[in-house]
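This report concerns only the one structure given below.
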Amino acid sequence: MDDLKFIEVSDNNKNIARKLLTGYGHYLFDELKLMAGNDSFFIELKKFPDVKYKSPNGAFFIIYFGESPIGCVGLKRFDSRSCELKRMYIKEEFRGRGFAKTVINFIADAATRLGYEQILLDTNVEMPAAVSAYLKAGFIEIPAYCENENPSPVFLSLLLNSSKNSQPF
C-alpha cells in the first residue's frame, strides 16, 4: 500500500492525532459500548502525547492516505524486550481496504528499530475485524498480560525476531 504514509507525532501535528484519537474513543465507547477505560482514555488524551509514546521507549504515528489523515497507531514500552501496540485506529470510511496489514507491518518494523523483540496488545471480541487482522499478521493469542476490564478481552503477541528461540510473554 504505497498510498499510506506514516508521520510521527510532534508538537506540529499533535492536534491531528488528538482528533483521530477522539474518533477512536467515540468508536470504542459510543459505538461498541465498551465502558471500561472510558474516563482514563479521555484523561490520557488531554496529556497526549506524553513521554511513553516518544523514543527511545515508544512512538506514535498518524496514518495518511494521500493528504488525508485516516488513522493512527502507537507503541509504548512494556518491559525491556516487549512493547505494546496501542490505539491502532482507521476511520470507518477507510476500513476494509487492506490497510491493517500495512499498518501492522510498519509498526512491527518500528518496534524492531526501537530494539523490541515482541509486541503485545489487548483488544476485545467486539472488534472481530481487528482480531482477525492481528491473527492474519502472525499474532498469537496469549494469557492476559495486563488488565482489561471489558467483558471479552483478547490478548495477543507477535514475536519480531523468529530466529530467536524465545516464547511469547
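Mind checking segment 72-169 for GluC sites (Glu not before Pro) that DSSP puts in a loop (not H, G, I, E or B) and that have at most 14 other Cβ atoms within 10 Å?
Details: sites: 84, 92, 93, 117, 126, 141, 147, 149; in loops: 117, 126, 147, 149.
Listed in order of number, the matching sites are 147, 149.
Compute the signed sum of charges (Lys and Arg +1, Asp and Glu -1) over the other residues within less than 14 Å, Cβ to Cβ, of residue 46.
Working: positive: 14, 18, 19, 47; negative: 39, 44, 50.
In short, +1.
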For this session: Name the residue, out of 62, 16, 43, whose mean-square fluctuation peaks in a Gaussian network model built on the chain with Cα pairs under 10 Å.
Result: 43
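What number, rounded to the nearest 500 deg cm²/dmol, is the helix-based mean residue ellipticity at 222 nm of the chain, given -39500 (n - 2.57) per DSSP H run of at least four residues and division by all its residues? Let's see the in-between values first.
Numbers: 4 runs with 47 residues, N = 169.
It lands at -8500 deg cm²/dmol.
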For this session: Identify which of 27, 116, 53 has the largest mean-square fluctuation in a Gaussian network model of the chain, with springs joining Cα atoms closer than 10 Å.
Result: 27
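Could you list 78, 42 in order of exposure, starting from the residue whose Cβ has the fewest other Cβ atoms within 10 Å? Can you show the working numbers first?
Working: 78 20, 42 13.
Lowest to highest Cβ neighbour count: 42, 78.
Which FRET efficiency, nearest 0.05, do residue 92 and residue 57 yield, Cβ-Cβ r, R0 35 Å?
Numbers: r = 31 Å, r/R0 = 0.88.
Once rounded, the FRET efficiency stands at 0.70.
With a sphere of radius 12 Å drawn around the Cβ of residue 98, what net charge do the other residues whose Cβ falls strictly inside it have (Lys, Arg +1; Asp, Glu -1)?
On the way: positive: 95, 97, 101, 136; negative: 3.
Computed value for this residue: +3.
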For this session: May I ask what percent, to the nearest 5, of DSSP beta bridges between residues of the chain are antiparallel?
Result: 90
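Bear in mind these aren't lab numbers, they're just calculated from the coordinates by the rules spelled out. What you see is a predicted model; the values in this text were computed from it and never measured. Here the Cβ is made from the backbone with ideal geometry for all residues, glycine too, and neighbour counts use every protein chain on show.
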